[in-house]
1. Looking at Thr37, Thr16 in this structure, which one is among the β-branched types (Val, Ile, Thr) and more than 24 Å from Glu115 (Cα to Cα)?
2. Any idea how many residues of region 32-51 are surrounded by fewer than 20 Cβ atoms within 10 Å (Cβ to Cβ) and small (Gly, Ala, Ser)?
3. Within region 92-105, how many residues are touching a strand residue (DSSP E or B) at 6+ places or on another chain (Cβ under 9 Å) and either surrounded by fewer than 17 Cβ atoms within 10 Å (Cβ to Cβ) or more than 13 Å from Leu69 (Cα to Cα) (or both)?
4. Out of the residues in region 31-61 meeting the condition of being polar (S, T, N, Q) and touching a helix residue (DSSP H, G or I) at 6+ places or on another chain (Cβ under 9 Å), tell me which one is nearest to Leu9 (Cα to Cα).
5. Quick one: which of Thr75, Thr62 is touching a strand residue (DSSP E or B) at 6+ places or on another chain (Cβ under 6 Å), polar (S, T, N, Q) and closer than 16 Å to Asp98 by Cβ?
6. Considering region 19-31 alone, what residues qualify as being within 13 Å of the chain's Cα centre (by Cα) and assigned to a helix (DSSP H, G or I)?
7. Residues in region 52-83 that are buried (at least 21 other Cβ atoms within 10 Å of the Cβ) and polar (S, T, N, Q): how many?
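Readers should treat all values here as calculations from the given coordinates under stated rules, not as data from a laboratory. Nothing here was measured: the structure is a model prediction, and the numbers come from that model. Ideal geometry is used to build each Cβ from the backbone, glycine not excepted, and the neighbour counts take in all protein chains shown.
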Amino acid sequence: METNTVLVLDDDKTFTGLLKTVFELEGYQAAIASDPTDLMPTVQRIKPVLLVMDIHAGSKDTIGALQELKSNEATKSLPVIMTSGMDRRDECLRIGADAFILKPFRPSELLDLVEELLGKQVSSQ
């Protein structure tokens, strides 16, 4: 059975709480992580359908975690939406993110991106 879990990696508890609620209202399960060093084990354990990841989690830049994720055969096809308060869209997309969204954003903008990415994934199966 396929999971419908979305993983959110961000260290802002208010933000992750909001996204958890938004995703659950849309019928997804939401898992929260705050440390990019735990990303690969967490992804392998919960097998999310999509990852929403802030460029900065704590004092760490998550670009390295994105590179690791996209260079791993088992996880490279996982759709990733990167978020940040600074426009680093080009850098994120070049490294392998599927989408970038600038904070602050409306939940509906994020949900539209999720639907677009997961719709592509479903239609390619």
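1. On the way: Thr16 fails: more than 24 Å from Glu115 (Cα to Cα).
The conditions single out Thr37.
2. 1
3. Number of matching residues: 8.
4. Let us first name the residues in region 31-61 that are polar (S, T, N, Q), namely 34, 37, 42, 44, 59.
Of the ones still in play, those that are also touching a helix residue (DSSP H, G or I) at 6+ places or on another chain (Cβ under 9 Å) are 34, 37.
Working: Ser34: 5, Thr37: 11 Å.
Selected residue: Ser34.
5. Values: Thr75 fails: touching a strand residue (DSSP E or B) at 6+ places or on another chain (Cβ under 6 Å).
Exactly one residue qualifies, and that residue is Thr62.
6. Correct list: Leu19, Lys20, Phe23.
7. The qualifying residues number 2.
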